[in-house]
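Worksheet for the structure shown next.
The values are calculated or read from the model by the stated rules, or taken from the named source; none is laboratory data. Computed from a predicted structure; not experimentally measured. All Cβ positions, glycine included, derive from the backbone under ideal geometry; neighbour counts span all protein chains shown.
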Amino acid sequence: MSDSHVAVAEPAHRELRHHFVDMEQQANTASLGMWLFLVTEIMFFGGMFCAYLIYRLKYFNDFAAASQSIDVRWGALNTAVLLVSSFTMAMAVRCAQLGKQKLLVVFLLFTMLFGATFLGVKAKEYYDKYEEHHIPGLNFNFDGKLLGHPDYPVNQRHTEMFFSIYFAMTGMHALHMIIGLGLMAYLIIASIQGKFDTRYYTPVENIGLYWHFVDVVWIYLFPLLYLISRK
Amino acid sequence: MATAVVPQQRTNYLNAEHGVKSWLLTTDHKRIAILYMFVVTFFFFIGGIYALLIRLELLTPAGDLVQADTYNRLFSGHGIVMVFFFLIPVVPAILGNFLVPIMIGAKDLAFPRINLLSWYLYVIAGGLMLHVILTGGVDTGWTFYTPYSTAFASPKVVEAGMAAFINGFSSIFTGLNFIVTVHRMRAPGMTWSRLPLFIWANYATSLIMVLGTPVIAITLVLLVLERVFRLGIFDPKLGGDPLLFQHLFWFYSHPAVYIMILPSMGVISELIACFSRKRIFGFQFVALSSVAIAVLGFLVWAHHMFVAGMSVYAALIFSFLTFFIGVPSAIKVFNWTATMYKGSVTYETPMLYAFGFIGLFTIGGLTGLFLATLGVDIHVTDTYFVVAHFHYVMVGGVVMAYLGGLHFWWPKITGRMYPEGMGKLAALIGFIGFNLTFFPQFILGYVGMPRRYYQYPPEFQMLNVLSTAGATILGVGYLFPMVYMLWSLRYGEIAPDNPWNAAGLEWKTTSPPPTFNFHEDPIVDFEAYNYDELKDIPDER
Amino acid sequence: MSEQEHHIVPVWLYLLIGSTLLFFTWVTYAVSKIDLGAFNTVVALCIASFKATLVVLIFMHVKYTSEKLTKAVIISALFFLGLLLTLSLADFGTRNWL
């Protein structure tokens, strides 16, 4: 007889939807829904991780050479930026739980700021690749060398494969960040309008889950793409 | 609960609101189910027209009706439309959407607006696909194998890929909705062990939808990126492996066939229980076998790739795993049969379809074992043997179950009875037509006729003619119910709340139900399939 | 029953986790400069998994939920992802065995 609900005796919250018995059921439902959505995102990115895994094993040295040509400093900076944005997002959810409306908006703004910074850095990185002719299908030409093995004949096609995967994965991740920024904007507007209170902050919580997930994807992308071999 | 004299004038979900906007902006799961019924039936027609053209071409050994390229577009269109736009959504989005909340005693699905979004995504995807069809179609097969689809086929591949991608999200959101609904919205007293098997089946199906569909989504994205931006992930010219595409594609597309069959099996459980007037034998086994099929379904995908150039060791592993999946399916068939033993069996139309299902699904499933066996598969892969196998399970299985369920729940959905005599006749016509269409194809495949070919050696003509004749009869078997069911909407007998004296919460509410499903919030204090308790309640007619 | 409604994570814990995450990002980078052979990848992925676990448990409140379903959902997703990766590898990894 686990989670069937009998109505809690209190006036219905203005955000209670008709098919739910009480706010608790509604919140738990929304939360489960977001977690399941994140499952679909895990499998979605998972397909690309599979492609990456197969080709990295097959063409390790060429992948290493290609990986060494992307600037690890930007990657590390971006990793730090996203981690801090996760912190501010978690703080935002905390503020929502405590009903601290103004601070909630502040933390959401910071999260958005850090997210935008991430995208700015990414844009710079993409531009660098464009200048170096490392964009597949666009006059691709790789003339880098493998660290420690200057005589290794780096295979153009295989390094192009690395960059195909690099752009597909970071591009898809960036798209999710952009969507995240949009969701942040919605949250900020809704917060200012006073939509959330201690009994209802579900969108803040669930969009927070989404944001953290996008962070987790990057936590894996950083070592896999930037740190194949740096020695 | 005093109501008007004529039952039809009671307020129910159909007449609660009027106007196009009230339908197109509805969040009522029952209306959304009807909306799906329209569009899914439309695409069934489109897929059927493709089938008709294919079978017409195959009447004669020579390729004389259409050119080879056109024929490729015909079977590709048939596959894409039937798989993505008919088979995947037909039972979950129509019967599932309608029944899941009612069967568990809820007022609606967990996320009604997302449910509507699912429908719109389907419609957008369908519109895109229609555009593809009308502007030439694709000739890659519904499987979109690379490098043909990425480097050589027509640019329509991008559009078709996008249509399948959008449709995938329709599916994902439906599955997500169902899982959350079953976890969070059950009425008081509705424990997991009291859930009807149709719910268990749709729950298991939803697990597959949520876990598998995203993988084909990303695969199609990569396909489109490769095509448009020349990214080259599957391109051998860049050292890419076309088999990677196949692995990613089949990781979804194999479990997809269980998305198709599991809800159908759920329907059959409901039908067998009702028309044997008995609780399903081995209820827990049948319930858990649905989950087992969902999980095992993810372990076997590369049995579609035995001759593709895969490692033989991997082929061994996948062949071995594929044998296991027959077990939970067989458990269901045995339990259904045991349910009928010493049951009080009657032969209304839905039960006829259920019988058809059991026979045809069993044949289809057994022939799957032939295909799982590596040595045999080398011989029959990519022949009509495979075509017959999957049509037995998908048409003999899914379509039969859908039609059985549609007839069974028609009174609940529409408030009308379909004409029983015609129902029985249609079921019989369909059964005969089906077997005449597809049984010869087993033989054709075995003697070597390849699939996806528009011409064949003259000695195969007899069997092909039989198959085409069968297809015509099968077509009648499908058109006929459409006609009399439409007829029943106006002239059919008014249905009582429980015309079958069946067990289940859906039969405790009115036919059709009110917008919020129940006039009083249900409390469940009975087990599923409590037919022993229902014995003495007279028919409300 | 109830999700993360009632448990408020203290600020100091968030700060601690945040700092830990940043620290281990630096560690990942530093270790990558040392030659550990094939072990480099293992270490990098272990650290990444550790960081991900911290984010999931603390930032996403999974540690504080009484809802076992959430954990079941996460583990199932990882299991099926694992299936995709390992069974595909069963093919690609054994192609050259004959």
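The table that follows gives values for the structure above.
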read-out	value
Enumeration of residues in segment A:154-183 that are away from every other protein chain (no Cβ under 14 Å) and either assigned to a loop (DSSP other than H, G, I, E, B) or over 11 Å from the mean Cα position of the chain (by Cα) (or both)	A:182, A:183
Flag if residue C:22 is part of a helix (DSSP H, G or I), of a type outside the set (Lys, Arg), under 19 Å from the mean Cα position of the chain (by Cα) and facing chain A (nearest Cβ under 7 Å)	yes
Among the residues listed as A:51, A:96, A:64, the single one being surrounded by 21 or more Cβ atoms within 10 Å (Cβ to Cβ) and in contact with a Phe, Trp or Tyr (Cβ under 8 Å, 6 or more places away or on another chain)	A:96
Options A:43, A:23, A:34, A:89; residue that is among the hydrophobic types (A, V, I, L, M, F, W, C), over 20 Å from the mean Cα position of the chain (by Cα) and within 26 Å of residue C:72 (Cα to Cα)	A:23
Number of positions in segment B:324-340 that are at pLDDT 95 or above, of a type outside the set (Val, Ile, Thr) and more than 22 Å from residue B:406 (Cα to Cα)	6
Residues satisfying the stated conditions in segment A:86-104, i.e. more than 10 Å from every other protein chain (Cβ to nearest Cβ) and over 14 Å from residue A:188 (Cα atoms)	A:99
Condition check for residue B:406: free of Cβ contacts under 8 Å to residues at least 40 places away in the same chain and buried (at least 18 other Cβ atoms within 10 Å of the Cβ)	no
Residues of segment B:458-500 classified as hydroxyl-bearing (Ser, Thr, Tyr), touching a Lys or Arg at 6+ places or on another chain (Cβ under 9 Å) and closer than 30 Å to residue B:445 by Cα, total	3
Candidate set from segment C:59-69 (those that are without any contact (Cβ under 8 Å) to a residue 12 or more places away in the chain and at the interface with another protein chain (Cβ under 7 Å from one of its Cβ atoms)); member that is surrounded by the fewest Cβ atoms within 10 Å (Cβ to Cβ)	C:69
Residue in segment B:258-273 that is within 30 Å of residue C:92 (Cβ to Cβ) and within 10 Å of chain A (Cβ to nearest Cβ) present	no
Check on residue A:83, at the interface with chain C (Cβ under 10 Å from one of its Cβ atoms), at pLDDT 95 or above and crowded, with 20+ Cβ neighbours inside 10 Å	yes
Residue match in segment B:125-138 (condition: facing another protein chain (nearest Cβ under 9 Å) and assigned to a loop (DSSP other than H, G, I, E, B))	no
Subset tally (residues that are within 11 Å of chain A (Cβ to nearest Cβ) and assigned to a helix (DSSP H, G or I)) for segment B:228-254	13
Unmet criterion (only one of (1) facing chain A (nearest Cβ under 7 Å); (2) over 28 Å from residue B:176 (Cβ atoms); (3) under 18 Å from the mean Cα position of the chain (by Cα); (4) not aliphatic (A, V, I, L, M)) for residue C:41	(1)
Qualifying residue in segment C:70-87 (condition: out of contact with any His (no Cβ under 6 Å at 6 or more places or on another chain), surrounded by fewer than 19 Cβ atoms within 10 Å (Cβ to Cβ), more than 9 Å from chain A (Cβ to nearest Cβ) and under 30 Å from residue A:147 (Cβ atoms))	no
Cβ-Cβ under 7 Å pairs, at least 6 apart or on other chains, segment B:333-357 side part of a loop (DSSP other than H, G, I, E, B), far side surrounded by fewer than 22 Cβ atoms within 10 Å (Cβ to Cβ)	B:343/B:277; B:343/B:278; B:344/B:277; B:348/B:420
Any hit, segment B:279-293, residues being assigned to a helix (DSSP H, G or I), farther than 28 Å from residue B:351 by Cα and over 20 Å from the mean Cα position of the chain (by Cα)	no
